[in-house]
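Following: one structure in structure tokens, then a few remarks.
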Amino acid sequence: MPSPIEDYAWIGDQRTGALISREGSIDWMCVPRFDSPAVFCALLGDETNGHWKVAIRDGRVVERHYEGDTMVLRTHWEGPGGSATVTDFMPVLEHGSQVVRTVTCTAGRVTVEQQLALRFSYGSVVPWVRRVEHQGATLLAAVAGASQVHLSGPLPTPEDHRHTGSVELGTDESVCWVLTSSHSWQEPTTAVVPDQALKETIARWRAWSAQVSTDGPYAPYVRRSLLVLNSLTHRETGGIVAAPTTSLPEDFGGERNWDYRFCWLRDAALTLEALLVHGLDGGATAWRDWLLRAVAGDFEDLQIMYGVDGDRQLPERELDHLPGYAGSRPVRVGNGAVTQYQADVIGEVMLALAQLRDLSGPGDSFSWSLQRTLLRYLDINFDTMDHGIWEMRGDPHYFTHGRVMMWAAFDQGLRAVAEHGLPGDVELWERRRAQLEAEIWERGYDEETSSFTQTYGGSTVDASLLQLPHTGFVAHDHPAMVGTVRRIEAELVDDHGFVRRYLTDGADGLAGEEAPFLICTFWLVEHYAHVGRVAEATALMDTLVSITSEVGLLAEEYDPVKKRHAGNYPQAFSHLALVRAADALAQVTG
């Protein structure tokens with residue numbers, strides 16, 4: 001069975017990445033990019049579905065960490081006869097991806113064991129593996145269909161559709177393997193020079209991290225979160241994936257398993273806001289350009305998500321050959337929610353682009369033309385019910401959060417006209433904004449409980465309502481928000497202080513329960529900070545950072561009873577919410 005989700009570390013090169021277990025096994029990696037088929041898929045099955053393990057024989061891991069503010073992973077082992085450090089990283093190359101794994105004996109003697117099982121197409125295809133000569137070196141080559149990988153270093157020997165081997169090391173001796181990926185019709189990519197590549201990779205990540213402006217007790221968590229968000233950004237296209245995994249369960253053993261390896265407009269917009277606050281506007285421009293390309297065409301065909309390269313075709317299908325993580329089936333690739341209408345998305349995008357505009361000016365005419373088109377799309381869909389921020393698979397509704405985000409979209413359009421002199425349909429936007437404001441208070445607010453509701457005419461609350469003040473629609477300390485938070489605390493906060501998205505009573509079209517969502521709990525921290533409940537905000541924030549993984553990563557959810565992370569990992573939503581919560585606390589505590 002795969003390791004607990006939180007026991008995996010993440011390395012990446014801004015094209016793709018790998019999840020490495022505490023035992024030294026790469027159990028998940030897609031090539032050539034985040035949303036490509038996996039070549040290591042043990043995470044959703046077992047070793048026969050593909051993995052690459054490098055470990056010290058009879059040893060144990062005593063500590064793991066990233067090399068400062070980088071994505072270079074160091075794992076320290078103790079064995080029966082000595083100790084060793086494993087360094088795992090992915091250099092950022094002009095073309096292709098490579099995984100570099102170096103083992104250095106730091107004292108005594110150790111035996112390094114390697115197990116390699118390459119399985120293409122999500123663990124379903126055993127490739128043709130052979131040894132080839134390339135530039136004076138012998139490589140292990142694996143090919144199937146359009147994909148191939150090459151391994152350099154001391155090569156393991158074949159054994160029952162996998163390869164195994166061992167290397168003896170004495171003090172200060174090292175061994176290194178480099179795994180490269182390419183198309184099957186191409187010549188093997190030359191492996192990097194490990195020491196040089198390591199120095200360059202560390203320098204690159206440190207140069208990026210040096211731009212981050214943050215301090216205070218949560219600064220290390222903020223920097224790590226921003227590094228994770230940057231690692232989930234495709235460096236060539238600017239697309240930001242929600243997570244690098246698929247089908248890690250929200251309900252262990254259940255059906256709540258989704259593919260998050262795509263670019264949601266909402267998630268990317270919120271990520272953009274987190275980056276902008278900390279002075280990282282270079283990625284913002286790249287994302288804006290990705291957005292322009294992705295949504296180009298007929299605005300009525302707008303989607304809530306796209307592939308890394310802007311691909312629109314993301315059909316959901318099930319991989320029956322995989323048993324799923326912890327027996328959680330089905331395993332899905334693609335995402336059926338791509339066809340949903342979600343009313344909040346345009347508001348999130350308009351808020352993020354407004355922040356970018358405030359920092360760097362109006363931008364080019366194409367960008368503003370796109371935003372006017374987005375508002376036209378909202379106007380046409382003004383009376384359309386939707387599936388909400390949580391992508392409900394039940395019947396559509398008018399979700400209060402979504403209607404407020406529509407209000408925010410028109411509001412930001414009007415602000416762009418008033419403050420930046422941009423052209424726009426002021427009369428229409430003012431009318432739509434006023435209509436939304438009136439109907440939200442009439443249909444999305446319950447006078448009896450003094451709170452907003454999840455849906456128009458509904459009786460329950462939803463954690464997304466914590467985001468209403470972020471739009472400017474209502475103040476954090478407005479009586480309606482006070483009443484809403486009171487209900488969220490009573491109905492959605494568990495005994496450990498963690499916040500559920502909503503009550504899973506079957507209304508979302510799915511069976512089973514789910515663990516509390518980390519983004520929602522961070523939203524509660526943020527709210528507490530803004531209304532002066534600083535002690536409560538700090539206590540809850542301390543609880544949240546205490547459950548980050550050994551290397552500072554967060555999944556989508558956390559089960560405080562079983563003390564386990566759940567859902568896809570690492571999750572952009574969780575990390576961007578950590579940044580915002582820390583920022584809110586910093587504003588009130590100095």
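Condition check for residue 502 on (1) touching a Phe, Trp or Tyr at 6+ places or on another chain (Cβ under 8 Å); (2) closer than 23 Å to residue 540 by Cα; (3) assigned to a helix (DSSP H, G or I): one failure, at (3).
Restricting attention to the stretch 398-435, the residues that are among the hydroxyl-bearing types (Ser, Thr, Tyr) and either surrounded by fewer than 19 Cβ atoms within 10 Å (Cβ to Cβ) or assigned to a helix (DSSP H, G or I) (or both) add up to 1. Summed over the stretch 79-99, residues that are of a type in the set (Gly, Ala, Ser) and either not assigned by TED's automatic domain parsing to the domain that holds residue 60 or not in a strand (DSSP E or B) (or both) total 4.
Tell me which of these residue 69 doesn't satisfy, since it passes every other one: (1) surrounded by fewer than 21 Cβ atoms within 10 Å (Cβ to Cβ); (2) within 21 Å of residue 42 (Cβ to Cβ); (3) in contact with a helix residue (DSSP H, G or I) (Cβ under 8 Å, 6 or more places away or on another chain). Result: residue 69 passes all but (2).
Out of 261, 256, 266, which single residue is of a type in the set (D, E, K, R) and within 19 Å of residue 15 (Cβ to Cβ)? Show your work before the answer.
Values: 256 fails: within 19 Å of residue 15 (Cβ to Cβ); 266 fails: within 19 Å of residue 15 (Cβ to Cβ).
Matching residue, one of 261, 256, 266: 261.
Inclusion of residue 395 among residues that are assigned by TED's automatic domain parsing to the domain that holds residue 296 and surrounded by fewer than 19 Cβ atoms within 10 Å (Cβ to Cβ) is warranted.
Scanning for something on the phi < 0 side of the Ramachandran plot, part of a loop (DSSP other than H, G, I, E, B) and crowded, with 21+ Cβ neighbours inside 10 Å, does the stretch 490-498 turn up at least one residue?
yes
The residue of the stretch 26-60 that is farthest from the chain's Cα centre (by Cα), among those that are among the acidic types (Asp, Glu) and outside any loop (DSSP other than H, G, I, E, B), is 47.
Hey, does the stretch 292-301 have a residue that's in contact with a helix residue (DSSP H, G or I) (Cβ under 9 Å, 6 or more places away or on another chain), closer than 20 Å to residue 567 by Cβ and touching a residue at least 40 places away in the same chain (Cβ under 8 Å)? So that I can check it myself, show each step before the final result.
To start, the set of residues in the stretch 292-301 that are in contact with a helix residue (DSSP H, G or I) (Cβ under 9 Å, 6 or more places away or on another chain) comprises 292, 294-296, 299-300.
Subsequent filtering for residues that are closer than 20 Å to residue 567 by Cβ retains none.
No - not one qualifying residue is present in the stretch 292-301.
With respect to residue 185, is the statement that it is outside any strand (DSSP E or B) and in contact with a helix residue (DSSP H, G or I) (Cβ under 7 Å, 6 or more places away or on another chain) true? Explain how you work it out, then say what you get.
Working: outside any strand (DSSP E or B): yes; in contact with a helix residue (DSSP H, G or I) (Cβ under 7 Å, 6 or more places away or on another chain): no.
For residue 185, the condition - outside any strand (DSSP E or B) and in contact with a helix residue (DSSP H, G or I) (Cβ under 7 Å, 6 or more places away or on another chain) - is not met.
Before we move on, is residue 214 assigned to a loop (DSSP other than H, G, I, E, B) and either within 17 Å of residue 96 (Cβ to Cβ) or at pLDDT below 95 (or both)?
Numbers: assigned to a loop (DSSP other than H, G, I, E, B): yes; either within 17 Å of residue 96 (Cβ to Cβ) or at pLDDT below 95 (or both): yes.
Yes.
When the stretch 16-34 is filtered for residues that are surrounded by fewer than 24 Cβ atoms within 10 Å (Cβ to Cβ) and of a type in the set (D, E, K, R), the ones remaining, listed by number, are 22, 23, 33. Looking only at residues of the stretch 221-259 that are within 20 Å of residue 283 (Cα to Cα) and in contact with a Pro (Cβ under 8 Å, 6 or more places away or on another chain), we find that the one that is surrounded by the fewest Cβ atoms within 10 Å (Cβ to Cβ) is 228.
Within the group 292, 375, 322, 356, which residue is in a helix (DSSP H, G or I), in contact with a Leu (Cβ under 9 Å, 6 or more places away or on another chain) and modelled with pLDDT of 95 or more? Selected residue: 375, the only one of 292, 375, 322, 356 that is in a helix (DSSP H, G or I), in contact with a Leu (Cβ under 9 Å, 6 or more places away or on another chain) and modelled with pLDDT of 95 or more. Within the stretch 436-468, the set of residues being in contact with a helix residue (DSSP H, G or I) (Cβ under 9 Å, 6 or more places away or on another chain), in a helix (DSSP H, G or I) and not small (Gly, Ala, Ser) comprises 436, 437, 439, 440, 441, 443, 465, 466, 467, 468. Right, residue 499: β-branched (Val, Ile, Thr), closer than 30 Å to residue 546 by Cα and touching a Pro at 6+ places or on another chain (Cβ under 8 Å) or not? For residue 499, the condition - β-branched (Val, Ile, Thr), closer than 30 Å to residue 546 by Cα and touching a Pro at 6+ places or on another chain (Cβ under 8 Å) - is met.
Quick test for you: out of 303, 313, pick the one residue that is at pLDDT 90 or above, in contact with a Leu (Cβ under 9 Å, 6 or more places away or on another chain) and farther than 21 Å from residue 418 by Cβ. Even if it seems obvious, please write down each step before you answer.
Values: 313 fails: in contact with a Leu (Cβ under 9 Å, 6 or more places away or on another chain).
Exactly one of 303, 313 is at pLDDT 90 or above, in contact with a Leu (Cβ under 9 Å, 6 or more places away or on another chain) and farther than 21 Å from residue 418 by Cβ, namely 303.
Quick check: anything in the stretch 535-552 closer than 21 Å to residue 460 by Cβ, assigned by TED's automatic domain parsing to the domain that holds residue 405 and either surrounded by 20 or more Cβ atoms within 10 Å (Cβ to Cβ) or in contact with a Cys (Cβ under 7 Å, 6 or more places away or on another chain) (or both)? No: zero hits.
Go over the candidates 23, 6 one by one and state the one that is assigned to a loop (DSSP other than H, G, I, E, B) and in contact with a Ser or Thr (Cβ under 8 Å, 6 or more places away or on another chain).
Values: 6 fails: assigned to a loop (DSSP other than H, G, I, E, B).
Being assigned to a loop (DSSP other than H, G, I, E, B) and in contact with a Ser or Thr (Cβ under 8 Å, 6 or more places away or on another chain) holds for just one of 23, 6, which is 23.
Taken together, 222, 241, 212 contain a single residue that is more than 20 Å from residue 88 (Cα to Cα), touching a Cys at 6+ places or on another chain (Cβ under 7 Å) and either touching a residue at least 24 places away in the same chain (Cβ under 8 Å) or among the hydroxyl-bearing types (Ser, Thr, Tyr) (or both), which is 241. Tell me, which residue of the stretch 563-590 that is over 21 Å from the mean Cα position of the chain (by Cα) and touching a residue at least 60 places away in the same chain (Cβ under 8 Å) is surrounded by the most Cβ atoms within 10 Å (Cβ to Cβ)? Ranking the candidates gives 585 first.
The values are calculated or read from the model by the stated rules, or taken from the named source; none is laboratory data. Predicted model only: the values in this text are computed from it and were never measured. Positions of Cβ are backbone-derived with ideal geometry, glycine not excepted, and every protein chain shown enters the neighbour counts.
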